[in-house]
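Just so it is clear, none of the values below were taken in a lab; they were calculated from the coordinates. Because the structure is a prediction, the values reported are computed rather than measured. Note: ideal-geometry Cβ built from the backbone for every residue, glycine included; neighbour counts use all protein chains shown.
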Amino acid sequence: MSSKENTTFQIHYFASASTYTGKQTERLPAPLPLPRLFDTLESMYPGIKEKVLSSCGVSLGDEYVDVEADGEGDGEVVVIKPGDEVAVIPPVSSG
Amino acid sequence: MSSTTPTTQTDQIPPHLDPQTYPRTTTNPTLNTHITLTYHPLDPTSALTKISSPNAGANVLFLGTTRNSFEDRPVAQLSYTAYPPLALKTLSKIAEDAVTKHELLGVVIGHRLGDVPIGESSIVIAVSAGHRGAAWRAGEEVLELCKEKAEIWKKEVFVDGQGEWRANRDRDAEGKLVQG
């Protein structure tokens, strides 16, 4: 593991999210509590929350996660750890 | 800089966007399901071969091909991107669920990525069953579930150079606009 992977996670953007950020992937500082992900992206890409993220899912590893879960209901707040892989998943269009 | 330092290039092109890391496949030998993501042309004969069985009385093959227009605008080319960690998992579950639900003898789902020229296939689905009813129903159901769920995105590049990402949820199976 390189030093970069000790302090960052990888986030992938697809379709409209890729167009909006102008990137296919990048590294962001970790750890980051999952409920803060969208605000973090909004600060980097103003307007992305309403225009793109509101219709997107988010995966952590190979599982979908609930970015809104703040830990008040059941369970603990999910934290994105260094070396994790996150993806922003817009509405799909295979076939 | 030492030679072991990851290059910026590696960060810019993640493996899932690098055609060199394809084809990627997932197979379930027990249920006879075969999933493929590939940058090469799809092979319908090979798909049918994978599901052929002496117990099968019906084999249904579907090829989705790229159309030359969208709402009367001429389309120059289509390009597909996938996120394999999720897409392979989603497609495998669709295929396995279909085998169980419709008592199928096999399912193939293949999707082409990258640029797909007009008239060529972007998706192949092949299912086999003892009888035609189950095969027809399963074939359509598998396709609709793929379009609804698989983590794959289509970009239509128009003749005027503009590109637009599509969302399947905006259109039904007849191509009609779905009112939100």
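Can you flag which of A:LYS23/B:LYS50; A:LYS23/B:LYS176; A:LYS51/B:LYS176; A:LYS81/B:LYS50; B:LYS50/B:LYS147 are past 29 Å Cα-Cα?
Result: A:LYS23/B:LYS50; A:LYS23/B:LYS176; A:LYS81/B:LYS50 exceed 29 Å.
Just the number, please: Stokes-Einstein D of chain B in µm²/s, Kirkwood Rh from C-alpha pairs, 10 °C, 1.306 mPa s.
Working: Rh = 17.5 Å.
Result for D is 91 µm²/s.
Would you kindly state how much longer the chain becomes between B:ARG67 and B:ARG171 on full extension, computed as 0.36 nm times their sequence separation minus their alpha carbon distance, in nm to one decimal?
The span from B:ARG67 to B:ARG171 would gain 36.0 nm if fully extended.
Where in the range A:9-49 are there trypsin sites (Lys or Arg not before Pro) that are in a DSSP coil and have at most 16 other Cβ atoms within 10 angstrom of their Cβ?
Here the sparse-neighbourhood loop sites are A:LYS23.
Mind giving me the FRET efficiency for B:GLN77 and B:THR100? R0 is 30 Å, r the Cβ-Cβ distance, nearest 0.05 is fine.
0.20
Give me the percent relative contact order of the range A:22-73, please, defined on Cα pairs under 8 angstrom at least 6 residues apart.
Numbers: 21 pairs, mean separation 16.2, N = 52.
Relative contact order, the range A:22-73: 31 percent.
Under 16 Å from the Cα of B:LYS149, which lysines turn up, not counting those fewer than eight places away in the same chain?
Within the straight-line limit of under 16 Å, B:LYS149 reaches these lysines: B:LYS89, B:LYS93.
Against the longest principal axis of chain B, how steep is helix B:84-102, in degrees 0 to 90 to the nearest 10, with axes from Cα atoms?
Between helix and principal axis, roughly 10 degrees.
Return the single residue from B:ILE125, B:ILE13, B:ILE51 with maximal mean-square fluctuation; model: Gaussian network over chain B, springs between Cα atoms under 10 Å.
Top of the fluctuation ranking is B:ILE13.
Check each of the GluC sites (Glu not before Pro) in the range B:89-161 and keep only those in coil by DSSP with at most 12 other C-beta atoms within 10 angstrom; list them in order.
Here the GluC sites (Glu not before Pro) that fit, given the DSSP loop and packing criteria, are B:GLU103.
When Lys and Arg each count +1 and Asp and Glu each count -1, what net charge do the other residues less than 12 Å away from B:ILE118, Cβ to Cβ, add up to?
Summing Lys and Arg as +1 and Asp and Glu as -1 gives -2.
Once you list every other residue whose beta carbon is under 10 Å from the beta carbon of B:LEU91, what net charge do they have if Lys and Arg are +1 and Asp and Glu are -1?
Once positives and negatives cancel, what remains is +1.
Just B:THR30, B:THR100, B:THR49 to compare: in a GNM of chain B, with alpha carbon springs under 10 Å, which one fluctuates most?
Looking only at B:THR30, B:THR100, B:THR49, the biggest GNM fluctuation is shown by B:THR30.
Whats the longest run of chain B with zero trypsin sites (Lys or Arg not before Pro) that are DSSP loop and have at most 13 other Cβ atoms within 10 Å? The partial results should precede the final answer.
Details: sites that count: B:ARG67, B:LYS176.
By the stated rule (loop sites, at most 13 other Cβ atoms within 10 Å), B:68-175.
Give me the distance between the Cα centres of the range B:137-166 and the range A:1-57, rounded to whole Å.
24
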